[in-house]
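Enquirer: One structure is given below, represented as structure tokens, and several questions about it will come after.
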Amino acid sequence: MSKERKKNSVVKNMMIALVSGLIVGIAFLLLREQLVNAGREDVWGVINKLLFQDIMAKDGVGALGLFYIVGQLFMRGLQMAIVPLVLVSLSLAMCSISSSSKLGRIAGRTVLGFVSFYMVGAFFGGVVAFGMKTAGFFDVTLPSEAVTDAATIDVFNPLSVLVEAVPSNITFVFSNNNSILAVVVVAIIMGLCMNMLGEKTDPLKKVLESGSEVINLYLTFLINRVGPIAIFCLISRTFAIYGIEYLAPAAAYIVGAMITLFILVVTIYPIGIWITTKLNPIQFIKKIAKVGVLGFSTNSSAACLPLNIRTNQNELGCSEEITSFVLPTGMTINMNGTTVMHMFAATFIATSAGINVTPSQLVVVAFLSIAAAMGCPAIPIAGTTLIVTLLSGMGWTSDACMIAYALVVAINRPVEMALLPLNVIGDATVNVIVNQKEKELDLDVYNS
């Protein structure tokens, strides 16, 4: 009973932190606008330096940045555990699976589940985006910023993800959170080799099991004790420093994408669980909600992995073996929220640049987005930077398109935050489905 109260307390604290952060952040946003309009930028400058300033930036010298520091410590603390968590949990999972046919079924069902939700998200995202475009909501006046202001990453062939999945330098991928797919491959190889060698690898298995216990203890403290405070600081700072000068011309894009993402997260996953397993979807949504809250706050799939694993095992009744495979894999390749955002962003950018987007073109955008999103790093803003890959693939690279892309980069933070719950809750949905199909779901725990 005390464990149940403790779980409810963590959820309650996170929800309080989220709501409080929204209220405080919007209050500071309004205060800033009032001070700027009154010609008191110096007052806001002092407040910003005390609470919100990025102390790592060039103009952060001499700033205190309390909210920034707390948020960064929490994010870095989570990110510090990502590589060892994936390596240890996935290796142990592969080592413990006695049947190769079972592994094949789990992998097949996992990939099928992710691809299915990708296609559903892309379809509905494309339908809503095309409807808004047809209704004239995306007919906006572009700002006059220089094209070079757009922050992008290099254009790449999505198929390069297949090559990069096998690392040429194992120490590099262990020191880089952007190479999680390669870590997954290394962990799978190591686990399968341990499985084949049997008792000879017992010493290594004990080391990994001890490491798993250490990681879990550390993450329990970080999430339960530090998490609510950090969420409050992250949300407050995001809204406090976010400008409203570019919101007016792109309000339709932001609101349309965020509402669509929210509706999808509370509809397609419960429906998917009910259709495939006949389980009560309300139980699932109630228990997984805190993972979505953390995703909205941190804007990182990787940062949500520890809490997602704990929730799936302890509250949804999923087995450790299957969860240790599905969730790290999902964190790596399941970015269907990013694909929904891409459907809106590509339609908005092309329409703003005077291109008449057709349904057939959106089908191509969906394919490119799914291919790119599967290799998208599980870090903030990665989905936004990958938009340039879609534009290049479609040939939408004119100056007008790049200016519109720069506008999306400037205003996309709220949409990036809103898509994360779709990603991380999607991981949990597929995990529950796979567990139920493998008859390893503890129904008493799920229905408790």
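Enquirer: To test your reading of the geometry: what angle, between 0 and 90 degrees and rounded to tens, separates the Cα axis of helix 247-265 from the longest principal axis of the chain?
Expert: Rounded to the nearest ten degrees, it is 20.
Enquirer: Divide by every residue of the chain the summed helix terms, -39500 (n - 2.57) for each DSSP H run of at least 4, and state the resulting mean residue ellipticity at 222 nm, rounded to the nearest 500 deg cm²/dmol. The partial results should precede the final answer.
Expert: Working: 21 runs with 338 residues, N = 448.
So the helix-based figure for the chain works out to -25000 deg cm²/dmol.
Enquirer: Return the label of the correct value of volume of the Cα convex hull per residue in Å³, as calculated from the structure shown, out of (i) 283; (ii) 135; (iii) 152.
Expert: Only one listed value fits the structure, namely (iii).
Enquirer: Heads up, I need the accessible area for residue 59: 1.4 angstrom probe, whole protein in place, Å², nearest 10.
Expert: The accessible area of residue 59 comes to roughly 100 Å².
Enquirer: At 1.4 Å probe size, with the rest of the protein present, what percent of the exposed accessible area of the chain is carbon and sulfur atoms?
Expert: Working: 13080 of 19700 Å².
The C+S portion of the solvent-accessible surface of the chain is 66 percent.
Enquirer: Ordering 118, 68 by how much accessible area each has at a 1.4 Å probe, largest first, what is the list? Provide the component values of the computation, followed by the final result.
Expert: Values: 118 0, 68 25 Å².
Per-residue accessible area, sorted high to low, gives 68, 118.
Enquirer: Moving to a separate point now. May I ask you to give the solvent-accessible area per residue for the range 1-447, in square angstrom, as obtained with a 1.4 angstrom probe?
Expert: On the way: 19620 Å² over 447 residues.
For the range 1-447, the solvent-accessible area averages 44 Å² per residue.
Enquirer: When the chain is modelled as a GNM with alpha-carbon springs shorter than 10 Å, which of 233, 193, 318 fluctuates the most?
Expert: Top of the fluctuation ranking is 193.
Enquirer: Then there is this: Would you kindly find the accessible area of residue 105, with a 1.4 Å probe and non-protein molecules such as ligands, DNA and RNA excluded, rounding to the nearest 10 Å²?
Expert: Only protein atoms counted, so the area is about 100 Å².
Enquirer: By accessible area of protein heavy atoms, probe 1.4 Å, what ranking do 91, 448 get, highest first? Please list the in-between numbers first.
Expert: Working: 91 0, 448 80 Å².
Largest to smallest exposure gives the sequence 448, 91.
Enquirer: To continue, here is another question. With respect to the cross-link table entries 49/290; 102/439; 12/439; 200/439; 286/437; 102/437, which display a Cα-Cα separation exceeding 20 Å? Don't skip to the answer; put the middle values down first.
Expert: On the way: 49/290 31 Å; 102/439 12 Å; 12/439 32 Å; 200/439 30 Å; 286/437 22 Å; 102/437 11 Å.
Checking Cα-Cα distances, 49/290; 12/439; 200/439; 286/437 exceed 20 Å.
The values are calculated or read from the model by the stated rules, or taken from the named source; none is laboratory data. These numbers were taken from a predicted model, which means no experiment stands behind them. Keep in mind that these areas ignore ligands, DNA and RNA; they rest on the heavy atoms of the full protein, side chains included. Shrake-Rupley method; radii C 1.70, N 1.55, O 1.52, S 1.80 Å.
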